[in-house]
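The values are calculated or read from the model by the stated rules, or taken from the named source; none is laboratory data. This is a predicted model, so every value here is computed, not measured. All Cβ positions, even for glycine, are placed from backbone atoms using ideal geometry, and neighbour counts span all protein chains on display.
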Amino acid sequence: MIRVTRSAVIAAPVGRVWEILRDFNSHAAWHPAVGASRIENGEPADQVGCVRNFSLKDGNHIREQLLALSDRDYTSTYCILDATLPMRNYVATVQLKPVTDGNRTFWHWQSTFDVPQGREREFTELVGEGVYKGGFDGLRSYLQRDRPHVSGSSAQAVAGQGIVVTAFGGPEVLRFQPLEAEEPNAGEVLIRQTAIGVNYIDVYIRKGLYPMIEPPAGLGMEAAGVVIASKCAHIMAGDRVAYASAAPGAYATMRTIAGDQLVVLPHYIDDETAAAVLLKGMTAEYLLHRTHRVRPGDTVLVHAAAGGVGLFLCQWARALGARVLGTVSTDEKARLAATNGCEYPLVTRSYSFAQEVKTHTGGRGADVIYDGLGSAAAAENLAALALRGHWVSYGQASGAHETFPDLGAKSGTLSRPVLFHYTAERAALLEIAGRVFAALRDGILKADIRHRYPLLAAADAHRDLEARRTTGPLLLLP
Amino acid sequence: MIKVYTSSVIEAPADAVWARVRDFNGLPKWTPFVADSRIEEGLPADKIGCVRNVRLKDGGVIRERLLTLSDYDYQCSYSILESPMGVANYVATLKLTPVTDGNKTFAEWWAEFDCAPEKERDLAQGIGQGVFQAAFDSLKSIVGR
């Protein structure tokens, strides 16, 4: 039996390091020896018992199972199930401890295992230096990679500018004015924002349709930027971050926000992509994997298939092996949907599509309908639903449902999901955002950003969005 | 029950740090606040159960009993029998762990105890920073490179 122990001090708070290491599939991002890695059966990477299946850059292949995980003790224990290396009975434990003197992290990594006689020295070196020491150095450079230089990181209120909704109404109620970001309290961070996403919900809020603000108030749900000051254990000054928050106020140059809402961006996601994609991408992720788990061969009907969420639903559902039908309002949008995975774009301006859906499915209807249309399309949706189908009403553009649909006619299931209920727990937020980033990296999701406006011209962005003059994401740039 | 936890990194190998701190009668040699120390009843300082009688530079006297001493784990724990601090059921542990990356030492020192609620904050601060961190700082200047 060989025992290998290595330990190191990492110049980052323990909460920050643990947030990376508790993800059993994160090693592909930070360990220099690890190639591609995935969790088998699509299980969450913090589910005890899950298996990570990965290759090493030297060509070897390993399957490891998570045996124990403790957010209380910052420990993770795992074993090798099979490997192309002659290692047997390998069990390893990672443990972190806070270094209170300097707010750093002590990282202890230990394992026991057997190898063929005579190869003990070789494998002690391989595991201790190649895997553990290499991992320490890899995580250090991962924490530093693409880190913008942040100077003067004082945690005080700072002057900035932003958009204020002066009263409910048209785009003219948006005023660009000085706006102070408050001094961060415990758990909060101060961000210098670099890109801000515009969503249709911003228009509803500006008009007063959603009772989420009381003018004068800020607007905007999503942005990316750089952390200037942090009073949050798992976020450091200098981190590149993004958020899709339930509280409006993103249209600003500087913002103070709860660190629990932030996602640290991987190096391969730039700020503009994050601000353009996070909210819509996470919506597509939970709709396709959580509200309903789309399987190969499912027939999926996506309404507003050329819209922000619609395009992502089409791209991702197609990649999952589904047959994708979509509704759009113009021929041009039909072409756009078609190039993004929508097999049958149906052009309709009058919410009439059930007959065509039936025709394209041999009379069966859609197994799942992603519906952002609302009350005006209710009867058609029920008609287009397959027996035992799932009708997912995630938006209500034409108004809220007034009557409960007669689901008994189809043994149908109706869901009314909201993104922020799926991301309320931080572990879930990180998992969903992580899958969106990986889908962008792997080319499953594509963000074609064509519309950028200076922050002070937010009203122009709203005018173009409402006039349907845009396709794909809109960004405001401070 | 209050728990106070302090940890630090000492720029010296764990063996060297342990050689300095394992002596239960050695506080005057490496902490800034102890005037003198003796082991009661003439017992050896590494006999489990021995009591150190420590006089602080501010004049206070503390009597502590050795509960654990492990040369294998670089760990020492002790309880307070008598002190001017106003604590009860006080048990503390000092533990060293080698940091292989750089050949230095991760040092942890924690205590659990009971006290009057209005004294909790001051005692936690006084023990965590005034005693444990102050001792680590002193240790760093003595054995650190």
Could you say which residue among A:D271, A:D239 is modelled with pLDDT of 95 or more and either buried (at least 20 other Cβ atoms within 10 Å of the Cβ) or aliphatic (A, V, I, L, M) (or both)? A:D271
Return yes when A:L455 is under 30 Å from A:R22 (Cα atoms) and surrounded by 16 or more Cβ atoms within 10 Å (Cβ to Cβ) and no when it is not. no
How many residues are more than 14 Å from every other protein chain (Cβ to nearest Cβ), among the β-branched types (V, I, T) and surrounded by fewer than 21 Cβ atoms within 10 Å (Cβ to Cβ) if we restrict to the stretch A:5-46? 2
Could you check A:I20 against (1) without any contact (Cβ under 8 Å) to a residue 24 or more places away in the chain; (2) part of a helix (DSSP H, G or I) and say which number it fails? (1)
Where in the stretch B:54-140 are there strands (runs of 3 or more DSSP E), lying wholly inside it, with at least 1 residues that are of a type in the set (D, E), within 14 Å of chain A (Cβ to nearest Cβ) and under 11 Å from the mean Cα position of the chain (by Cα)? B:104-114
Please find, among B:L69, B:L94, B:L81, the residue that is under 19 Å from B:I39 (Cβ atoms), free of Cβ contacts under 8 Å to residues at least 40 places away in the same chain and aliphatic (A, V, I, L, M). B:L81
Testing A:I449 on (1) part of a loop (DSSP other than H, G, I, E, B); (2) of a type outside the set (S, T, N, Q); (3) modelled with pLDDT of 95 or more, one condition comes back false. Which one is that? (3)
Examine the stretch B:25-48 for a residue that is in contact with an Asp or Glu (Cβ under 7 Å, 6 or more places away or on another chain), assigned to a loop (DSSP other than H, G, I, E, B) and under 17 Å from B:K95 (Cα atoms), and state whether such a residue exists. no
Of all residues in the stretch A:103-125 being away from every other protein chain (no Cβ under 14 Å) and surrounded by 19 or more Cβ atoms within 10 Å (Cβ to Cβ), the one that is nearest to A:R72 (Cα to Cα): A:F113
Among the residues of the stretch A:259-281, which ones are of a type in the set (V, I, T), in a helix (DSSP H, G or I) and over 9 Å from the mean Cα position of the chain (by Cα)? A:T273
The listed residue being out of contact with any helix residue (DSSP H, G or I) (no Cβ under 8 Å at 6 or more places or on another chain), of a type in the set (V, I, T), within 14 Å of another protein chain (Cβ to nearest Cβ) and surrounded by 15 or more Cβ atoms within 10 Å (Cβ to Cβ), out of A:T93, A:T100: A:T93
Within the set of pairs 6+ apart or on separate chains, which have a first residue in the stretch B:1-19 that is more than 12 Å from every other protein chain (Cβ to nearest Cβ), a second that is acidic (D, E) and not in a strand (DSSP E or B), and C-beta atoms under 6 Å apart? B:I2/B:E120
Looking for something at pLDDT 95 or above, closer than 30 Å to B:Q133 by Cβ and touching a Phe, Trp or Tyr at 6+ places or on another chain (Cβ under 8 Å) - is there at least one such residue anywhere in the stretch A:109-127? yes
Whether any residue in the stretch A:60-81 is modelled with pLDDT of 95 or more, within 24 Å of A:L320 (Cβ to Cβ), of a type in the set (S, T, N, Q) and surrounded by 13 or more Cβ atoms within 10 Å (Cβ to Cβ) is what I want to check. no
Among (1) part of a strand (DSSP E or B); (2) at positive phi, A:P345 falls short only on (2)
